[in-house]
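In what follows, a single structure is set out as structure tokens and then discussed.
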Amino acid sequence: MSNETRDTVFIGKKPLMAYVTSALIQLANLPTVNIKARGLSIGRAVDVAQIIARKTENAGYSIGEIKIGSEALESQDGRTRNVSTIEIEIKRVTS
């Protein structure tokens, strides 16, 4: 398992708080965690980042760098289509 997969939470169709809990557990051991999503899960990724930033503001976590982009994926009918992606960094604030 590479380091990138251990500090990354991939957003899918699970309940919102499952991703928040997963990210907070990783943040207890790591200085930064990336939240990644694509397509229709982008809104859920933004929600996860906002919950962590607002609820743990006193604990010293904030939203860092945000990267947006697109990936070319092959659909089931064989055509190539572009899917939007987002990567949100949650980091521990050093005082």
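Report, by residue number, each residue of region 37-65 that is out of contact with any helix residue (DSSP H, G or I) (no Cβ under 7 Å at 6 or more places or on another chain), closer than 18 Å to PHE10 by Cα and of a type in the set (Lys, Arg).
Selection gives ARG38 alone.
Which of the residues that make up region 19-40 are in contact with a Ser or Thr (Cβ under 9 Å, 6 or more places away or on another chain) and among the hydrophobic types (A, V, I, L, M, F, W, C)?
Hits for region 19-40 are LEU24, LEU27, VAL33, ILE35, ALA37.
What number of residues in region 67-95 are surrounded by 10 or more Cβ atoms within 10 Å (Cβ to Cβ) and in contact (Cβ under 8 Å) with a residue 24 or more places away in the chain?
12
Anything in region 44-94 that is β-branched (Val, Ile, Thr) and farther than 18 Å from VAL33 by Cα? List them, or say none.
Scanning region 44-94 gives THR80, VAL83.
Of (1) loosely packed, with under 11 Cβ neighbours inside 10 Å; (2) in contact with a Ser or Thr (Cβ under 9 Å, 6 or more places away or on another chain), PRO15 satisfies all except one. Which?
(2) is the only condition that PRO15 fails.
Laboratory data are not the source of any read-out in this text; all were calculated from the coordinates shown. This structure is a prediction, so every number in the text was calculated from the model and none was measured. Backbone-built Cβ (ideal geometry, glycine too); neighbour counts: all protein chains shown.
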